[in-house]
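Here is the structure we will look at, set down as structure tokens.
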Amino acid sequence: MSRLIQNSIRNTLFRLKPPPSITLSSTLTNNLSTSPEPSPEPPLDETSQSSAIWNVIIGRAGDNRVVSEDEVFHRLSDDPLCKKVNLSDTLLHKLLHRFRDDWRSALGVLKWAESRKAHKNNPTEAYDTAVDILGKAKKWDRMKEFVEKMRCDKAVTLNTVAKIMRRFAGGGEWEEAVRVFDRLNEFGLEKNTETMNLLLDTLCKEKRAEQARAVLLELKAHIKPNANTFNIFIHGWCKANRVEEALWTIQEMRGHGFRPCVISYTTIIRCYCLQCNFIKVYEMLSEMEANGCPPNSVTYTTIMSCLNAQKEFEESLRVATRMKRSGCEPDTLFYNCLIHTLARAGRLEEAERVFRDEMGSVNTSTYNSMIAMYCHHDEEDKAVELLREMESLKVCEPDVHTYHPLLRSCFKRGDVVEVGRLLKEMVTKHHLSLDESTYTFLIQRFCRADMCEWAYCLFEEMISQDIAPRHRTCLLLLEEVKKKSMLESVERIEHVMKTVKLTAPVK
DNA sequence: ATAGGGTTAG
């Protein structure tokens, strides 16, 4: 379903526009900054190689046809620039990933890649990806064809099998997933507890706990389940919001001589959290302690995150206190959550203390929480200071979320020059590409700042980047360009709204 | 792939 939508977006987008030139926000950043620096011409690095190939593949001259894999193959083979490209395994992987929703192009790229290197090193990974892409597109026959070829080459690994089973189960073909398990020996793999768990987990993750149960009953005589097996089921039942069955699985687990572990309990706690049944959450916590299975950092972080989602920050901090009292060893994800909680509770100094003195290792998320906190309390200087610290310490790199609060502050101050400067920094210094949420956010803010020309610019760029705008974003922008009588833009937006499958508003 | 982050409100 989602593949169909994405494909239709892609195809529709290509109909709308001549080949996109991937010049990220360049007009915008140059025009908004007071002193536009001349950007030096980059050498043909991996990114530009990738862009070159990308442009060839999607550079169809405004026609409506869906391009076949052979056509993609020929275009790439015939293009002079692509002939010069040094096709490494990493680049191939990147390309396949980029075409993960477009199996025709992906197969064309793979065929071209194979033609380029007669003595290839290790095709298995690319094949695994191809199988995955075909499975995602529910091109079962083509997928099976690939698998057969891999079987003859003795190239099927556990990873391959996992992908096939997952795609079958996810596509509603769970019987086929079971059949893959039945054929494991043909692939040179063994039917054992590990591979059985793989199948069961696949089924459970694709919301087929019932079927997984049936499979287990059938296989039980030949393959012994282990503790993981039961945890997989606990997760499966919780995912289906059937906590009763999850609790019953704990008993079943005991019946097989396994003791429920911290993972078993934490999974159920998370389920109660999502139901907002905090009475049961605390009951379960006590039960864990009583059963000699003390909660760990994951357990506490899970509870705190759920409380935070309910804006129960003080209660969340009480959970953190309880954790510290218990002597449980905190980890980075816990600290990130704690910092976020303290920030939202308005306790800046405490957050700073945790950040500076308590935490052993930090990551991008840690900085992001701190930066968001400073921006939220109008201490942008400190926020920028932390950004510079990230850049100089190089422990972790900024991402788009690092910049969101900073951008928000600029708009709040009405400093669009700074907006342009930051965008340029994101793109040129950190090689970040704007994502859907960033585009949406920027378009909204530019509209509100009565600068819908820039908003429209970003809208066009978004579409040329193959990112579908939200319905609400279109409506907002449409209203603004109408006010300014930007007739061509009005027409374009209306056309996009009619032809592109828009992203629904979140929640 | 046996468990756990966030964002955007006047």
Heavy-atom accessible area of A:Arg242, protein chains in place, probe 1.4 angstrom, given in Å² to nearest 10, is 80
Here the gain from full extension of A:Asp182 to A:Asn291, 0.36 nm per residue of separation minus their alpha-carbon distance, amounts to 35.4 nm
For A:Arg470, other-chain or 5+-apart residues with amide H closer than 5 Å (H placed, Pro excluded) are A:Thr503
Pseudo-spin-label distance A:Cys276 to A:Lys144, built 7 Å along Cα→Cβ, given in nm, is 4.8
From most to least accessible, 1.4 Å probe, no ligand or DNA/RNA atoms counted, A:His376, A:His74, A:His404 line up as A:His376, A:His74, A:His404
SASA check, A:Asp153, accessible area w/ 1.4 Å probe, all protein chains in place, rounded to nearest 10 Å², comes out at 100
By the mean-Cβ-within-10 Å protection proxy, highest first, A:452-459, A:435-442 rank as A:452-459, A:435-442
Region A:159-221: relative contact order from alpha carbon pairs under 8 Å, six or more residues apart, as a whole percent, is 30
Computed over region A:360-476, the relative contact order (Cα-Cα under 8 Å, seq sep at least six) in percent reads 18
Hits in region A:178-205: amide N under 14 Å from the 7 Å Cα→Cβ extension of A:Lys224, namely A:192-194
PRE zone check, label point 7 Å out along Cα-to-Cβ of A:Arg413, amide N under 20 Å, scope region A:328-356, hits none
If the chain between A:Glu194 and A:Arg100 were fully extended at 0.36 nm per residue, the gain over the current Cα-Cα distance would be 31.0 nm
From most to least accessible, 1.4 Å probe, no ligand or DNA/RNA atoms counted, A:Thr124, A:Thr321 line up as A:Thr321, A:Thr124
Taking only the Cα positions of region A:335-379, the convex hull volume per residue in Å³ is 56
On the formula 1/(1 + (r/R0)^6), with r taken between the Cβ atoms of A:Cys261 and A:Leu81 and R0 of 51 Å, the FRET efficiency rounded to 0.05 is 0.40
Note on region A:209-267: contact order normalised by length, alpha-carbon pairs under 8 Å, 6 or more apart, percent, works out to 34
Rounded to 0.05, the calculated FRET efficiency for the beta carbons of A:Arg116 and A:Glu173 at R₀ = 41 Å is 0.75
In whole angstrom, the spacing between the Cα centers of region A:227-258 and region A:299-348 equals 27
Of A:95-104, A:407-416, ordering from highest average Cβ density within 10 Å down gives A:95-104, A:407-416
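The values are calculated or read from the model by the stated rules, or taken from the named source; none is laboratory data. As the structure is a computational prediction, the values presented were derived from the model and not from experiment. Glycine also receives a Cβ, built like all others from the backbone with ideal geometry; neighbour counts cover every protein chain displayed. We work out accessible area using only protein heavy atoms, side chains counted, and drop any ligands, DNA or RNA first. Shrake-Rupley method; radii C 1.70, N 1.55, O 1.52, S 1.80 Å.
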